[in-house]
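Student: Questions regarding the structure given below will be posed in turn.
The values are calculated or read from the model by the stated rules, or taken from the named source; none is laboratory data. All values reported here derive from a predicted model rather than from experimental measurement. Positions of Cβ are backbone-derived with ideal geometry, glycine not excepted, and every protein chain shown enters the neighbour counts. To get the accessible areas, we keep the full protein, side chains included, count just its heavy atoms, and leave off ligands, DNA and RNA. Shrake-Rupley method; radii C 1.70, N 1.55, O 1.52, S 1.80 Å.
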Amino acid sequence: MAKKKLKKLHAKDALEFFNQVMVEQPLLPFLVPLVLFAWFVERWVVPFSNWVPLLAAVWATIQYGRFKRRSAIEDLNKRWKHLILNTTPTTPIEPCEWLNKLLVEVWPNYMEPKLSKKFQSTVEDKIELQEFSLGCCPPTLGEHGMRWMTSGDQKVMRLGFDWDSNEMSVMFLAKLAKPLIGAARIVINSIHIKGDLLLLPILDGEAILYSFESTPEVRIGVAFGSGGSQAVPGMELPGVSTWLVKLLTETIVKTMVEPRRLCFSLPPVDLRKRAVGGVLSVTVVSASNVGRNTTNEIGIRQSSSGGSTSGIADNKVSQTFIEVEVGSLVRKTSTSKGPNPAWNSTFNLVLHGETGVVKFNLYELDSGGVKVTYLTSCEIKVKYVLDDSTIFWAIGHNSGAVAKRTELCGQAVGMVVPFEDIRGELTVTLVLKEWQFSDGSVTLSNSLSNGSHSSFDVSPKLQSRTGRKLRVAVVEGKALAVNGKSGKCDPYVKVQYGKALYKTKTLSHTTRPVWNDKFEFDEITGGEYLKIKCYSADTFGDESIGSARVNLEGLLDGDSREVWVPLEKVDSGEIRLQIEPIKSDFNGILKTSSGRVEATWIELVIIEARDLIAADLRGTSDPYVRVHYGSKKKRTKVVYKTLSPDWNQTFEFPETGEPLILHVKDHNAVLPTASIGQCTVEYSMLPPNQPAVKWIPLQGVKSGEVHVKITRKVPHLEKKTSFQTDASSLGKGHKISSQMRDSLKKFTGLVDEGGDTEAMSLALTEIESIQDEQDMYIQQLEREKAALLRKIQELGSEIVRTSSGPARMPY
């Protein structure tokens, strides 16, 4: 056996030597035949000579000696590194002056703008920021050198961090508390942060986790004013500097003080895409060794209160469950017994931005199913990488790190994460289903891309959003929460985008409703979210059963997006939406065939209403409608004591593309007017000069509809040419003048008689309405005048062209 092992060792050594020689001497295969030929010639000339094989043997011996020396040196280096990194806590200090020189070079043009932009987006949600710059003085890294430490099986770099800058400029507004009044402009003009930084490479160097070893030393210089020579020292308002230091220190402790770590990715390629949201599927599989520690803790609590110290009896096993938390979105598993509970619960969660934190809270439920006790927690962080991959990382055993990476959406990642305060581990499975980007592209999972094994990337060419509309269909819901008081669920959904608000129909006694209600919104630039609120109708007040928001960036013309949106602030519930962008074919300003620009206007006829709610004690209302179109406001007459009023009033507005909103109100002579619903009249998709008659349900109330006729007037498409003014248009001018005279007489009489304020207000509103109608009539006359002048000019040009032909030649 020993001889066989020795032969195998020699054969392996010879094979390695041969491979090394082939690498160093690539021409060896061509030299071997030449050597054999030379030996043949030598033996043919001198039969007893062997100089050629002797020289070949000497050369092979020299090469083998070099190979053995190189192997011995490499083996010694490996043993030395293993000895240093695994038997000693830290390596010798290494100088890193080169790192600071490099940092000084790249800080002003690369790192400072990127870090300033990132920090600015972080603090803008909390304060009103006016200026943000970290200055041109970078921090000093490893002033006294750096060294490597061993943490379990992982290597950690430790180096000093010292940032003492007097050139930064962070300016923001802060409200002053009593007895002071107003807002103060606070300027941070200096900062000092000193501590020890830990860098932990993960995923074979594709990313670095960084954090402070302990809470760093923080000082902030504060002034009030513009930050210049007239700035007031921060000491004049005591406590501000201390408050900012405390705020910054708490933020650092929560995010990047051991064992909390942040991640910096080092992708091989940069696709230059910014992720704005994602969909993450989380499966909570099981936990291990949680019952033993739970028993010990409960036993300690009982002994401290004078009870038995034996803990829970062997036949009583605690019940535990996991609460999954992402921001304000919370989901809860079912309960499971024993020290190794298994749940296998799957939830769909929404990420807002390119990073996210999934927190798992472990709770214990007592035997009676009443008392819930918080035990411990752990968390997993998710980050989008610029090469279109995704990194998951968490705190491992002995403050180590657990990290996984997926190259494509839809790939499952299994992670075993230890709990923070007790012994035990949590097993979860994560699947990143979708990343959404600000440039219009969407990376989908394999299941959503027709079974393809590569990610599906939509074209990033986002077309112009001017004039686009968004059609949102609230399709269905599932696993909705029931009303805590009545024990039933009568769900409906409110959808808000910008200032437009719509409501679906209410369905009775179901937790899986199917609405299939469609709404249209004018698209808003600037990253506006679609807000969803789900309610359960009840006689004594509707109860909220969840809310959510959906990011609408990156929608392309002709494409549709279908998503299941999990509801936040509740234990369960999802809403299915279909979102489709629609490009408007008609704008407020149109061009004629000759290239001239002509304005359009909106004609609105408020006909009637029905099923209005009763705002008065007698079971009726005194309804009227206030019309809001941009900055213009008009109102109808008041119809008393009815829930089905008839108005039949016409209003006209120059089209500006703004929302046309109707507010239905109840008239009161003494008390303030009460709102009995509102609605938005959509008009941008209407064909020119074709009226649309429709019933529009009122929002914010349980019942009520308004009957309207809406028309988009386009001058150059009218059947009757605008320059053909007839007696009817002249009669319209006389009618407006007579109405204005009558209204002025009525208002003068009310003033002389000392009438009530409400009657005078109605009279003024009537005068304003007539004045607006008069303005519209004047604009119409001006358009007709311009059209008539154009026709005259065209006719004159045609006459000149026909009359100025070539002179006739005499025959």
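Student: Excluding ligands, DNA and RNA, what is the solvent-accessible area per residue of region 601-713 at a probe of 1.4 Å, expressed in Å²?
Tutor: 44 Å²
Student: Based on the Cβ-Cβ distance of Phe37 and Asp270, what FRET efficiency does E = 1/(1 + (r/R0)^6) give at R0 = 60 Å, to the nearest 0.05?
Tutor: For Phe37 and Asp270, the calculated efficiency is 0.60.
Student: Calculate the FRET efficiency for Ile524 and Leu686 from the Cβ-Cβ distance with a Förster distance of 22 Å, rounded to the nearest 0.05.
Tutor: 0.60
Student: Further question on the same structure: Compute the accessible area per residue over region 469-582, keeping the other protein chains in place, probe 1.4 Å, unit Å².
Tutor: Result: 45 Å² of accessible area for each residue.
Student: Another one. Kindly flag which residue pairs out of Lys254/Lys359; Lys503/Lys641; Lys114/Lys433; Lys505/Lys702 have an alpha-carbon separation exceeding 19 Å in this structure.
Tutor: Cα-Cα > 19 Å for Lys503/Lys641; Lys114/Lys433; rest within.
Student: Here's a follow-up. Grab the Cα-Cα distance for Met22 and Glu217, subtract it from 0.36 nm times how many residues apart they are, and report the gain in nm with one decimal.
Tutor: 64.4 nm
Student: Between Leu795 and Lys488, 0.36 nm times their residue separation minus their Cα-Cα distance comes to what?
Tutor: Length gained, Leu795 through Lys488: 103.0 nm.
Student: I need the peptides 22-35, 95-108, 620-633 ranked by packing, meaning the mean over residues of other C-beta atoms within 10 angstrom, with the highest value on top.
Tutor: 620-633, 95-108, 22-35
Student: Along Cα→Cβ, 7 Å out, is where each label goes; now give me the distance between the ones at Lys478 and Trp98 in nm to one decimal.
Tutor: Calculated label separation equals 5.7 nm.
Student: Tally up the carbon and sulfur contribution to the accessible surface of region 469-582 as a whole percent, 1.4 Å probe, everything protein left in place.
Tutor: 45 percent
Student: Right, another one. Once you have the Cα-Cα distance between Val285 and Ile778, take 0.36 nm times their residue separation minus that, and quote the gain in nm to one decimal.
Tutor: 170.1 nm
Student: How far apart, in nm, are two points set 7 Å out from the Cα along the Cα-to-Cβ line at Thr373 and at Ala60?
Tutor: 7.7 nm
Student: Just to verify a number: FRET efficiency for Thr335 and Ala11, C-beta to C-beta distance, R0 = 60 Å, to 0.05?
Tutor: 0.45
Student: Here is a follow-up. Simple spin-label model, 7 Å along Cα-to-Cβ: Cys136 to Asp742 in nm?
Tutor: It works out to 7.6 nm between the two label points.
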